[in-house]
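The values are calculated or read from the model by the stated rules, or taken from the named source; none is laboratory data. Only a predicted model underlies this, so the values are computations on that prediction, with no experimental measurement involved. Cβ coordinates were reconstructed from backbone atoms using ideal geometry, including for glycine residues, and neighbour counts include every protein chain displayed.
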């Protein structure tokens, strides 16, 4: 299965459905974290929960052999957050 829709991921790489599932999950968690980090009254437990979800999903990606792609998504998300 080819996946060409997310920035930060190699556009010519073929992913299995399971790999794609976890990359998309990581993308969603990162987007939610960015969104809640900008809200002024976000509860601390929510940010901690999102951090744990991000770590867990990263470890799933690592177990599937796509840790470098997951790291690229995280790095791009951090760069966008700084801007």
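Things to note:
- Scanning region 1-17 for residues that are at pLDDT 85 or above and within 15 Å of residue 58 (Cβ to Cβ) returns no hits.
- Count - residues of region 15-25 that are in contact with a helix residue (DSSP H, G or I) (Cβ under 8 Å, 6 or more places away or on another chain) and either under 22 Å from residue 82 (Cα atoms) or not in a loop (DSSP other than H, G, I, E, B) (or both): 4
- Subset tally (residues that are surrounded by fewer than 12 Cβ atoms within 10 Å (Cβ to Cβ), in a loop (DSSP other than H, G, I, E, B) and at pLDDT 95 or above) for region 26-83: 1
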